[in-house]
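Report on the following structure.
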Amino acid sequence: MDIRTGTGLDFHRLIDDEARPLLIGGVEIPGKRALLGHSDADVLLHALADAILGASGHSDIGIYFSDKDQANKNLDSSVILKKSLALMSERGYRLSNADITLIGEEPRIAPHREKILERLADLLAIAQDRIGLKATTTEKMGALGRSEGVGCLATVLIQKD
Ligand SMILES: [Zn+2]
């Protein structure tokens, strides 16, 4: 059996914008703040896509979805994630599990955890018990500690039978 691991790390700035949806893991989190980015800025899906691309020996999502391309403005990040899964599949791999850690003081993830897990299981086409979803803070240290943004670290294992 051929198994490989990959990691993805992403950060986006948090801004005050009631009109812009705040998306984490493909789920809209209600509130007055949003993540800033050229796409929909879903920090979790970006970290996950990069982990999948990394594991399957590809470059990062910026190569496939340039932030200079107007076609990618406010792009639904599930499109990015699906592209990474397709590139992985082309090389004969399937996703075994994903472990995800969100980093920041806000938004609070706990109330939305189940919904995010359901959405991720659907997008990744794996069982929910193959997805780890955690959140941590930086103990108020640095930019993330001042709620200036949100970070996400994702690790995946892929395998070829
Ligand atoms: Zn991103």
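The values are calculated or read from the model by the stated rules, or taken from the named source; none is laboratory data. The structure displayed is predicted, hence computed values, not measured ones. Because the Cβ atoms are built from the backbone with ideal geometry, glycine has one as well, and the counts that use them run over all protein chains shown. Remember, those area values only see protein heavy atoms, side chains included, never the ligands or the DNA or RNA. Shrake-Rupley method; radii C 1.70, N 1.55, O 1.52, S 1.80 Å.
Table for the structure above
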| item | result |
| --- | --- |
| Calculated FRET value between residue 134 and residue 159, using beta carbons and R₀ = 30 Å, to 0.05 | 0.85 |
| Contact order normalised by residue count of the stretch 8-60, Cα under 8 Å, 6+ apart, percent | 39 percent |
| Degrees separating the helix 77-90 axis from the principal Cα axis of the chain, which is the longest one | 10 degrees |
| Charge tally in the Cβ shell below 13 Å around residue 21, where Lys, Arg are +1 and Asp, Glu are -1, residue 21 excluded | -3 |
| Cross-link reach list, aspartates and glutamates versus residue 115, counting only Cα pairs under 19 Å and skipping chain neighbours closer than eight places | 28, 40, 42, 76, 99, 106, 129 |
| Computed Rg/Rh of the stretch 32-85, alpha carbon atoms with Kirkwood Rh | 0.97 |
| Part-to-part distance (alpha-carbon centres) for the stretch 10-30 and the stretch 127-160, which is given in Å | 15 Å |
| Local electrostatic count, residue 79, Cβ distance below 12 Å [Lys/Arg +1, Asp/Glu -1] | -1 |
| Accessible-area order (highest first, 1.4 angstrom probe) of the listed residues 137, 101 | 137, 101 |
| Additional length obtainable on full extension of the chain from residue 106 to residue 118, 0.36 nm per residue less Cα span | 2.2 nm |
| Calculated over the chain: convex hull of Cα atoms, volume per residue (Å³) | 106 Å³ |
| Contact order relative to length of the chain, as percent, for alpha carbon pairs under 8 angstrom and 6 or more apart | 34 percent |
| Theoretical gain in end-to-end length, residue 32 to residue 7 [0.36 nm per residue, Cα-Cα removed] | 5.9 nm |
